[in-house]
Amino acid sequence: MQIVISAATRGEWEQAATFFSNQLQEGYSIGFHEAGVGVLSTTYSLTQIIQLEKPDYIIQAGIAGAFEGGPSLGEVVIVEDDCLGDLGVMETNGWKTTADLGFANDADLKLVNHYADRLNFLQLPKVHAVTVNQITTSEQQARMYTNKFSAQIETMEGAALHYVCKQLSIPFIQIRAISNKVGERDKSKWLLAESILNLNETLQKYVPLLAQTKY
């Protein structure tokens with residue numbers, strides 16, 4: 001069995017990579033990949049990985065920001081659905097998605113991971129996510145994402161994972177650790193080191209359980 005762990009930056013999975021390099025993997029192998037920041041880089045990277053390595057499962061691991069009322073700092077969650085939050089147009093009466101404009105329907109915008117329940121071996125909290133090209137810094141923008149998409153967390157790569165894997169029929173899971181509140185740019189208020197530690201400890205527990213699964 002081939003498992004791929006992908007993240008925007010190697011720092012998000014490096015601790016787990018060190019851990020697994022010192023462990024004997026029986027019946028499975030793990031590849032770690034740095035996909036780069038953002039939707040474009042992640043889409044290309046994942047497509048290339050799938051073509052070259054033909055993985056049985058892909059895990060996207062990383063940090064994320066939480067909207068007001070979302071998960072707590074340091075908490076590790078699984079994403080059950082994701083979407084592109086900033087694909088559309090700003091009209092005089094507010095933000096319009098491609099569904100609002102008649103170019104898609106709401107179901108097309110919400111990229112649901114139908115493996116989220118079956119692969120949630122650690123019973124991590126499940127959340128709704130939004131993927132953006134520009135990190136949210138205003139309260140007005142944050143309210144728009146929570147109202148329109150019921151978003152609880154924000155990333156810059158998640159929707160690319162969901163889209164590519166759904167298109168190519170690859171089982172996947174998106175695991176995120178909450179490093180900051182959306183809109184908070186004072187890094188002294190972030191739990192960056194703690195969230196990365198929690199994320200990697202989760203990966204160390206999660207991967208052996210995934211390796212015992214076959215779909």
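Within region 146-164, is there a residue that is within 22 Å of Ile49 (Cα to Cα), surrounded by 23 or more Cβ atoms within 10 Å (Cβ to Cβ) and over 15 Å from the mean Cα position of the chain (by Cα)?
no
Do the conditions hold for Leu119, that is, is it farther than 20 Å from Val39 by Cβ, touching a Pro at 6+ places or on another chain (Cβ under 8 Å) and open to solvent by less than 30 Å² (accessible area, probe 1.4 Å)?
Values: farther than 20 Å from Val39 by Cβ: yes; touching a Pro at 6+ places or on another chain (Cβ under 8 Å): yes; open to solvent by less than 30 Å² (accessible area, probe 1.4 Å): yes.
Answer is yes for this residue.
Looking only at region 122-134, which residues are exposed (fewer than 14 other Cβ atoms within 10 Å of the Cβ) and closer than 26 Å to Leu40 by Cβ? It would help to see each step written out before you state the result.
Step one: of region 122-134, the residues exposed (fewer than 14 other Cβ atoms within 10 Å of the Cβ) are 122-123, 133-134.
The answer is Asn133, Gln134.
Restricting the search to region 19-36, which residues are under 21 Å from Asn198 (Cβ atoms), in contact (Cβ under 8 Å) with a residue 12 or more places away in the chain and either among the hydrophobic types (A, V, I, L, M, F, W, C) or loosely packed, with under 14 Cβ neighbours inside 10 Å (or both)?
Result: Phe19, Phe20, Ile30, Phe32, Ala35.
Of everything in region 1-18 that's open to solvent by 30 Å² or more (accessible area, probe 1.4 Å) and among the β-branched types (Val, Ile, Thr), which residue is farthest from Thr131 (Cα to Cα)? Walk me through how you get there before you give the answer.
Applying the first criterion (open to solvent by 30 Å² or more (accessible area, probe 1.4 Å)) to region 1-18 yields 1-2, 9-11, 14-15, 18.
Keeping just the survivors that are among the β-branched types (Val, Ile, Thr) gives 9, 18.
Details: Thr9: 16, Thr18: 29 Å.
Per the stated criteria, the residue is Thr18.
Mind listing just one residue for me: the one in region 74-93 that is touching a residue at least 24 places away in the same chain (Cβ under 8 Å) and not acidic (Asp, Glu) and, of those, surrounded by the fewest Cβ atoms within 10 Å (Cβ to Cβ)?
First, the residues of region 74-93 that are touching a residue at least 24 places away in the same chain (Cβ under 8 Å): 74-86.
Of the ones still in play, those that are also not acidic (Asp, Glu) are 74, 76-79, 83-85.
Details: Gly74: 16, Val76: 22, Val77: 23, Ile78: 24, Val79: 29, Cys83: 26, Leu84: 21, Gly85: 24.
Result: Gly74.
Hey, among Leu46, Leu101, which residue is of a type outside the set (Asp, Glu) and modelled with pLDDT under 95? Spell out the reasoning first.
Values: Leu46 fails: modelled with pLDDT under 95.
Just one listed residue meets the conditions, Leu101.
The values are calculated or read from the model by the stated rules, or taken from the named source; none is laboratory data. Note that the structure is predicted; figures quoted are calculated from it, not measured. Note that we place each Cβ from the backbone using ideal geometry, even for glycine, and neighbour counts take in every protein chain shown. Side chains are part of the model used for accessible areas, which takes the heavy atoms of the whole protein and leaves out ligands, DNA and RNA. Shrake-Rupley method; radii C 1.70, N 1.55, O 1.52, S 1.80 Å.
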